1. Using θ = phi - 60° and the Karplus form 6.51 cos²θ - 1.76 cosθ + 1.60, what ³J(HN,Hα) does each residue of the stretch 112-125 get, whole Hz, x for Gly and Pro?
2. To the nearest 0.05, how large is the calculated FRET efficiency for Leu94 and Arg127 if R₀ is 30 Å and r is the Cβ-Cβ distance?
3. What ranking, highest mean first, results for peptides 113-123, 66-76, 26-36 when packing means the other Cβ atoms within 10 Å averaged over each residue?
Amino acid sequence: MTGSRAAAALGAALCLAGAADPADRLANPSQEARARSLFRETRCLVCQGQSIDDSDALLAGDLRRIVRQQVAQGRTDAQIRAFLAERYGDFVLLRPPFSPLTAILWLGPFVVVALGAGILYVRARPRPSEPPLSPKEEAALAALGQERRT
């Protein structure tokens, strides 16, 4: 293994170790598994693009402790999500619930795609052809052509 690969592997292991402090783990393996599942669904409010399972931020550690406490108290996953959303807002959930406030987040991509498809359809459809000239119009056009040549 080259030095850069070893350094990358060591860095990845350290990141994972920081996100999963063994001293904080729940004694019951099924409860710990539930907590870890909830970690992956909860956004780190500092990092914003990561779950609290992936983040090393202090706030993420606090959120992991809160989730573990809630799991240990016997709350359901839905109750824990509701507690977090009530305390920190729906933004703390990586998959926020559908509501009037989050409708743009959920429906926005579909609206953009539909608008794009509509624009493509309008621009790509064949244009109606012009109606043919009447005999009177053809005669007037021929007369204009004759005047131009002379």
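1. 5, 5, 5, 4, x, 5, x, 5, 4, 4, 4, 6, 8, 5
2. On the way: r = 47 Å, r/R0 = 1.57.
Between Leu94 and Arg127 the formula returns 0.05.
3. On the way: 113-123: 9.5, 66-76: 16.1, 26-36: 14.5.
Highest-to-lowest ranking by the protection proxy: 66-76, 26-36, 113-123.
Read-outs throughout are calculated quantities, based only on the coordinates presented, and are distinct from any laboratory measurement. If you're wondering where the values come from, they're calculated on a predicted model, not measured in any experiment. Every residue, glycine as well, gets a Cβ built from its backbone with ideal geometry; the counts of neighbours run over all protein chains shown.
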